[in-house]
Amino acid sequence: MVERSQKDVWRLSPWLLSALLLVNFVLMAFDAREITSGQRVIRTWTQTAADFVQSPITSITSGVYNYFASISSLRSAADENDTLKVRIQELEVEVKQKADLNSENERLRALLELKETSKYKILTARIIGRDPSVWFDSSIINRGTMDGVKLNMPVVADGGLIGRVVAVGPLTAQVDLVTYSKSAVGGIIGEIAGSNALGVVAGTSKKDLLEMKYVPGTIDVQVGQVVYTTGQDGIFPAGLKLGEIVNVVSGSATTPHQIQIRPSARLTSMQEVGVLLYEPPGKAEFEQKLPNAVKAK
Amino acid sequence: MEGVKLTIALIVAVLLQWSLRNVSEIFAYVDLPLIVIVYAALQRNSIRALIFGTLAGLSVDALSGGLLGSQGFSKTLIAFIVSEIARRVYLDNLLLRIPVLIGACVVNSLVYFGLHRLLGQPPQGDLIVVGAYSLIGTTIVGTLIYLLFESLGNERTRPKRRDVFSSRRQTRRRNPIRLAK
């Protein structure tokens, strides 16, 4: 190894600083361009390499956490057991009613000669890493292209929509949450068939709050109503639950409502999620010819 | 040998930064690679500090939702500034290192936030709030880590000091005992 004198080090360091800053800046510019154009190559391969470290660490930490959590939950187990027994009885009645409704639905469909609509599959995934930087809140899941995950696929949890896949490697994928300030989803208040309160649900950078924009001020909106995806954004399928309205500042005939929504999925304590293997229907030919259309690679 | 130890410390810091947020959200406010980079820069080897800054920054960026290279940029810049200050000012005392770490943390937040705004990718967190929490977390943990590093360093240097001052100390200790007898 070449030993350098302090004088050499001091002479070289400004040049090295300039070179390294330039490299970093070029990487940043390249990455900023990739965000809008699609796959982020360098990032996905680094994530794949990091998976070999993150997966074992996550397994160990979650194992330890679950062990202590199970001990602490033993106390409330007896009360919970009684509550659950009652709930099971209620659910049995509901299941019976659902079965009746399903059979009725099938009979009516047969009568109307409707074809069965194909539903998308759900791929379960585990969150193996959270954003190491405090400024962002993306998550890394243990599923990648080898499992069939593709860019922009929606990610859901028990409560509803969580976000979408923004970078995907062979073994891992990066998910941006709906609460990220740059994310936006087409939303509708209430059921799709019975409502015309359409708008855009955007992130607010706060973990427990979304904002719905562009809902006309003339439409009646109440606190407690549920917001679903419309499927018109070309990324998310219709009918996924986004959240519940918690605050409405009423608009007028010329100004839209200001609506705040609490996400239905618990974004702060996610461990298991589901990736919807859903690909949006292709855009119409005339739409792809528009000058500002994003060209498919 | 010092370089090897610092490299190991940096690798451990990056691995912990990747994984600790899974355990608790609080750990996100502690920038472990920054602590190691500032320590490396205080050793007056600016080339090593600069390389550490870029590598650690890029490793964190790769798993982050932010722009690839933004942490690399800010940490490289900090490594240079700290090593230049350490070259001119005597900073071997722990009490003097704490303000340096605080300054580094502030510059890191400002540069990172500014770069993202500049390239049209505003970060999710608020500059003041996230910056303040990050400053508190990094300073507390950084001070503890520097104390640990210092105590490890003292363990290593203790025998040398005894060798240097042994004869003088022995005479000073013996005299009062002899007088008492």
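Each reported figure results from applying straightforward, stated rules to the coordinates on display, with no laboratory input. Note that the structure is a prediction, hence the values are computed from the model and not measured. FYI the Cβ positions are ideal-geometry reconstructions off the backbone, even for glycines, and counts take in every protein chain you see.
What the table below lists for this structure:
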{"quantity": "Cβ-derived FRET efficiency at R0 25 Å, B:Ile140 paired with A:Ser59, nearest 0.05", "calculated": "0.30"}
{"quantity": "Cα-based convex hull volume of the range A:223-275 per residue, rounded to whole Å³", "calculated": "109 Å³"}
{"quantity": "Potential extension, A:Arg262-A:Glu80 segment - 0.36 nm per residue separation minus Cα distance", "calculated": "62.8 nm"}
{"quantity": "Folded to 0 to 90 degrees: helix A:41-73 orientation relative to chain A principal axis, Cα", "calculated": "60 degrees"}
{"quantity": "With at most 10 neighbouring Cβ atoms within 10 Å, loop GluC sites (Glu not before Pro) (DSSP) excluded, longest segment of chain A", "calculated": "A:4-112"}
{"quantity": "Added length on full extension, which subtracts the Cα-Cα distance from 0.36 nm per residue, A:Glu244 to A:Phe52", "calculated": "65.3 nm"}
{"quantity": "Likely footprinting exposure, A:Phe52, B:Phe80, A:Phe30, fewest C-beta neighbours within 10 Å first", "calculated": "A:Phe52, A:Phe30, B:Phe80"}
{"quantity": "Gaussian network model of chain A, Cα within-10 Å springs - most flexible of A:Asn81, A:Asn24, A:Asn247", "calculated": "A:Asn81"}
{"quantity": "Between helix A:6-37 and chain A: long-axis angle, C-alpha atoms, 0 to 90°, nearest 10", "calculated": "30 degrees"}
{"quantity": "Rounded to 10°, Cα long-axis angle of helix A:77-112 versus longest principal axis of chain A", "calculated": "70 degrees"}
{"quantity": "Helix-only CD estimate at 222 nm, as mean residue ellipticity for the protein assembly as shown, using -39500 (n - 2.57) per DSSP H run (n ≥ 4)", "calculated": "-19000 deg cm²/dmol"}
{"quantity": "Cα-based radius of gyration of the range A:84-207 once divided by 2.2 N^0.38 Å, which approximates compact folds", "calculated": "1.40"}
{"quantity": "FRET efficiency estimate (nearest 0.05) - Cβ-Cβ, A:Asp233 to A:Arg107, R0 30 angstrom", "calculated": "0.30"}
{"quantity": "DSSP-loop trypsin sites (Lys or Arg not before Pro) across the range A:197-242, with at most 16 other Cβ within 10 angstrom", "calculated": "A:Lys206, A:Lys207"}
{"quantity": "Contour excess over end-to-end distance, with Cα ends at A:Leu22 and A:Gln6 and 0.36 nm allotted per residue", "calculated": "3.3 nm"}
{"quantity": "Label-to-label distance, nm, for residues given as A:Phe30 and A:Thr218 (7 Å Cα→Cβ offset)", "calculated": "5.3 nm"}
{"quantity": "Mean-position separation - Cα centroids, the range A:126-191 and the range A:250-271, in angstrom", "calculated": "19 Å"}
{"quantity": "Volume of the Cα convex hull of the protein assembly as shown, divided per residue and given in Å³", "calculated": "240 Å³"}
{"quantity": "Unit Cα scatterers, Debye sum, the range A:173-290: log10 I(q)/I(0) for q = 0.13, 0.21 Å⁻¹", "calculated": "-0.53, -1.21"}
